[in-house]
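The values are calculated or read from the model by the stated rules, or taken from the named source; none is laboratory data. Only a predicted model underlies this, so the values are computations on that prediction, with no experimental measurement involved. With ideal geometry, Cβ positions are generated from the backbone for all residues, glycine too; neighbour counts draw on all protein chains shown.
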Amino acid sequence: MTRRKRNPRFTADELQTASLLVAESPITCIPSRKDRVYKYPRVRISMCDKEALEPAQRVFGTTIAPHTRKVRACPPHLFPPEGKGIWEITRTGKTAKQIVEHLKPLLTKEFLRKWEKVLEECR
C-alpha cells in the first residue's frame, strides 16, 4: 500500500487562504480614488477572529487591519472595545489578480466564475 504524498506545490497557509476566499470573501470591482475612471478588482476577507486571518496575511503579503463600525459586529473579546468592528485583509488590482491566479487550482468553479465576472466589470 502506497501513501499519498501531499501536494508540495501549495503550503498550508495557501490552502487555508483558498478556503477563506471561497467561504468569506466578497470579490468586487472598486473605482480608483483619484479619477474614478479606472476600476480595480478587490479581494477582501473579513472576520472577527484575527488569528484566523494570519495565514492569509502571509499569503497576501500585507497586514490585518481593523475596520470599525457603528454597530456591534463581533463579540467584545474578539474586537475590543465593545465589538464595534471587524478585522480584514484586502488586496486590489494586480496583486489581487496574482493571488487568485496562483490559488486557482484550489478555488471552486463558482468562485472563479464570479471572479471572471468581476474582471469583465473592471475593464
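Applying the criterion of at least 1 residues that are polar (S, T, N, Q) to the helices (runs of 4 or more DSSP H) found wholly in region 10-123 leaves 12-24, 54-60, 93-103.
Of everything in region 66-101, what is among the basic types (Lys, Arg) and at pLDDT below 90? Give them in sequence order. I'd like the intermediate steps shown before the answer.
Taking region 66-101 and keeping what is among the basic types (Lys, Arg), we get 69-70, 72, 84, 91, 94, 97.
Once the filter is applied, which keeps residues that are among the basic types (Lys, Arg) and at pLDDT below 90, region 66-101 yields ARG69, LYS70, ARG72, LYS84.
Could you please let me know if LYS50 is touching a residue at least 24 places away in the same chain (Cβ under 8 Å), more than 25 Å from LYS109 (Cα to Cα), among the basic types (Lys, Arg) and surrounded by 14 or more Cβ atoms within 10 Å (Cβ to Cβ)? When the stated conditions are applied, LYS50 passes them.
Among the residues of this structure, LYS50 counts as one that is modelled with pLDDT of 90 or more and basic (Lys, Arg).
Looking at region 70-83, can you tell me whether even one residue there is of a type outside the set (A, V, I, L, M, F, W, C) and either crowded, with 17+ Cβ neighbours inside 10 Å or within 23 Å of GLU121 (Cβ to Cβ) (or both)?
Within region 70-83, the subset of a type outside the set (A, V, I, L, M, F, W, C) is 70, 72, 75-77, 80-83.
Narrowing the set further to residues that are either crowded, with 17+ Cβ neighbours inside 10 Å or within 23 Å of GLU121 (Cβ to Cβ) (or both) leaves 83.
Yes, there is a match, as at least one residue in region 70-83 is of a type outside the set (A, V, I, L, M, F, W, C) and either crowded, with 17+ Cβ neighbours inside 10 Å or within 23 Å of GLU121 (Cβ to Cβ) (or both).
Among the residues here, ARG44 qualifies as on the phi < 0 side of the Ramachandran plot, at pLDDT 90 or above and touching an Asp or Glu at 6+ places or on another chain (Cβ under 9 Å).
One residue stands out in region 1-24 among those that are polar (S, T, N, Q) and modelled with pLDDT of 85 or more: the one that is surrounded by the fewest Cβ atoms within 10 Å (Cβ to Cβ), namely THR11.
Do we have GLU101 as surrounded by fewer than 16 Cβ atoms within 10 Å (Cβ to Cβ), out of contact with any His (no Cβ under 7 Å at 6 or more places or on another chain) and within 17 Å of PHE111 (Cβ to Cβ) here?
Working: surrounded by fewer than 16 Cβ atoms within 10 Å (Cβ to Cβ): yes; out of contact with any His (no Cβ under 7 Å at 6 or more places or on another chain): yes; within 17 Å of PHE111 (Cβ to Cβ): yes.
Here the answer is yes, as GLU101 does meet what is asked.
If the condition is being under 12 Å from the mean Cα position of the chain (by Cα) and among the β-branched types (Val, Ile, Thr), then region 97-115 contributes ILE99, VAL100. When residues in region 22-49 are screened for being of a type in the set (A, V, I, L, M) and closer than 12 Å to LYS114 by Cα, 3 of them pass.
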